[in-house]
1. For R145 paired with L59, estimate the spin-label separation in nm (one decimal), with each label point 7 Å from Cα along the Cα-to-Cβ line.
2. Kindly state, as a whole number, the per residue volume in cubic angstrom of the convex hull around the alpha carbon atoms of the chain.
3. Rounded to a whole number, what % of the accessible area of the stretch 89-156 do carbon and sulfur atoms account for, probe 1.4 Å?
4. Enter the angle in degrees (range 0 to 90, nearest 10) between the Cα long axis of helix 95-107 and the first principal axis of the Cα atoms of the chain, meaning the one along which they spread out most.
5. Can you work out the accessible area per residue across the chain, with the rest of the protein chains kept in place, probe 1.4 Å, in square angstrom?
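The values are calculated or read from the model by the stated rules, or taken from the named source; none is laboratory data. Just so it is clear, the model here is predicted, and its values are computed rather than measured. Methodologically, a virtual Cβ is constructed for each residue, glycine included, from the backbone with ideal geometry; neighbour enumeration extends over all protein chains shown. Note: areas computed on protein heavy atoms with side chains; ligands, DNA, RNA excluded. Shrake-Rupley method; radii C 1.70, N 1.55, O 1.52, S 1.80 Å.
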Amino acid sequence: VIGEVVLTAPGHLGEMLPPLVAMQIWFGVVAVAAYHLARRRGGGPVEEAPPSELRSAVLFGLLYAVVLVVVAAAREHFGNSGLYVAAAISGLTDVDAITLSTSRLVTTAHLEASTAWRMILLGGLANVVFKMGLVAVLGARSFIRPALAGLGAALVGGAAVLAFWP
């Protein structure tokens, strides 16, 4: 995401990068903490069914299809006035699209940089929520609780950046 912003909105890095870098640092802290907790517990890899199992593939396909329909409906229903709604919905499955489109709008002076980084961050947080749903639906029992704890901590940190960044 940061690389995409650097490439597509180079004239606005001073305003867009600091909150996104803060979020990246927070995610890094959560990942390092999760890694150390997992090593202390000494748990080995969990035996799971192959990811090509039909049930998992069908569930993921259904979730993805629902998200695509919701994204299309939100874009048509809300238009430009629902930028944050569209960012959250489109970020569910793909943060790159919202990052590139908002960065381009900033570069062409159709969107303020302060709105753009918030939209990108909101899209990223929506993506974390989507991944939490996937973990809950498709994850192995022993994986669900620690994964949701880590993703939840990342979500809380991101929400704090979104709420308290000037």
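1. So the label points at R145 and L59 sit 1.9 nm apart.
2. 120 Å³
3. On the stretch 89-156, the fraction of accessible area on carbon and sulfur atoms equals 65 percent.
4. The two axes meet at around 10 degrees.
5. 60 Å²
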